[in-house]
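The values are calculated or read from the model by the stated rules, or taken from the named source; none is laboratory data. Quick caveat: nothing in here was measured; it's all calculated off a predicted structure. All Cβ positions, even for glycine, are placed from backbone atoms using ideal geometry, and neighbour counts span all protein chains on display. Each accessible area value is taken on the protein alone, full model and side chains, heavy atoms only, with ligands, DNA and RNA left out. Shrake-Rupley method; radii C 1.70, N 1.55, O 1.52, S 1.80 Å.
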Amino acid sequence: MEIQVDLRSDTVTKPSPAMREAMARAHVGDDVIDRDPTVERLEAVTATMLGQPAGLFMPSGSMSNLVALMTHLGRGERFYAVRGAHILTHELGTASWLAGGIPGELPWSDGPGCPSPADIRALAAIEPRAGHYYDLRTTLVCLENTHNQAGGQIIPRHAMTNLVDSAHAAGWPVHLDGARIWHAAAAQDITPHDAAGQPDSLTVCFSKGLGAPVGSMLLGSKEFIGRAWRWRKALGGGMRQSGVLAAAALVALDQELPRIDEDRQRATTLARAIRQEGLDCPDPATNILMVRPPPGSDASAGDIWAAWRSAGIGCLLMGDAVRLVLHRDIDMAGLTTAIMLINEVTKKVG
């Protein structure tokens, strides 16, 4: 059946009229040869917003993360990432395949998607310091805020600070996958800078939550971004008149960021409606819902997914849960339709 309400992701949004107008009017140049002025403006605005010295506009969040790892890591060096991180599970293994890193896993000791400083200290305590030349060396810690597979869970501001401090105490820099850092900031009523903390590098996304059609940003020191620039080119990420894309991202930051907490509020309303149908659906931390059958049910998440898809609800099956994501293109009318469709079909699930 045709999708009537698309809740598969916050990347399915269409550019707003203001974005399309800005794209048409964008002042552009060849960003590979001598820079594009609109891209430079977006990089400066985003770097200031996140409290970082420099930024590099990227085609995607996956490329942003990969370039960050290639810039941080030497081949055969270990990095630790939180369990279920996008870098580990949804980027084709490029952290090892292309960046040459050896992944280690941080547990969810302080709640879904959130490791603890004690985890990092424990790993640092067993790290060989003056060992043999052939010992595996750790050189990076990767965090994710919000955590996608944990259902959009937030690493709170104080926890981010403590995690980064613990990694730095071990001599390990930190890369943050902050694709949805906008939601983490809104949910805590703080700035994106405060939500991100002080990692050594981070990625933010303009097409997740903010509704821009394309683009992410890798942020870090000027020296780090200078090296990342070469890796972006090596991977084919050098874009020419990319100011056309950057113009939409600038509109997204200006017009969509202030309204982004509406997604969490609507997700909370939807969660309550789903619970009324007897399903397991906790209140969301941000804009992502993870729905499971109730304990003891004969139904599976796959059964729920199939029933909802047959009713015209766009959703994704993620492990033992069905994921729903609220976004800027789901207004109150769309939310009402989603609740109506869920009410109609959920009772038919065994």
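For L98, neighbours were defined as the other residues whose beta-carbon sits under 11 Å from its Cβ, and their charges (Lys and Arg +1, Asp and Glu -1) total 0.
If you sort R328, R227 by accessible surface, 1.4 Å probe, largest first, the order is R227, R328. Mean projection of the Cα convex hull over all viewing directions, computed for the stretch 283-328: 3.7 nm². As a length-normalised measure over Cα pairs under 8 Å and 6 or more apart, the relative contact order of the stretch 83-136 settles at 22 percent. Summarising the amide proton neighbourhood of G84: residues at separation of 5 or more, or on other chains, whose placed amide H is nearer than 5 Å comprise an empty set. Per residue, the accessible area of the chain comes to 42 Å², computed with a 1.4 Å probe over protein heavy atoms only. Here's how it looks for R78: its modeled amide H is under 5 Å from those of I102, R137, T138, T139, which are all 5 or more places away or on a different chain. Of the accessible area of the stretch 164-284, computed with a 1.4 Å probe over protein heavy atoms only, carbon and sulfur atoms account for 48 percent. Summing +1 for each Lys or Arg and -1 for each Asp or Glu, what net charge is found among the other residues whose Cβ lies under 12 Å from the Cβ of L88? Taking every other residue near L88 into account, the sum is -3.
Counting only DSSP beta bridges with both residues in the chain, the antiparallel share comes to about 50 percent.
Check cross-link reach from K14 to the lysines: straight Cα distance under 22 Å, and skip same-chain residues fewer than eight apart. Answer for K14, where 22 Å is the Cα cut-off: K208, listed by chain and number. The relative contact order of the stretch 18-162, computed from alpha carbon pairs under 8 Å that lie at least 6 residues apart in sequence, is 20 percent. When nucleic acids and ligands are ignored and a 1.4 Å probe is applied, S96 ends up with an accessible area of around 50 Å². When nucleic acids and ligands are ignored and a 1.4 Å probe is applied, F224 ends up with an accessible area of around 10 Å². Only Cα pairs under 8 Å and 6+ residues apart enter the sum, and on that basis the relative contact order of the chain stands at 25 percent. In whole percents, the pair-distance distribution calculated for the chain from its alpha-carbon pairs, binned every 10 Å from zero, is 6, 25, 31, 24, 12, 2, 0.
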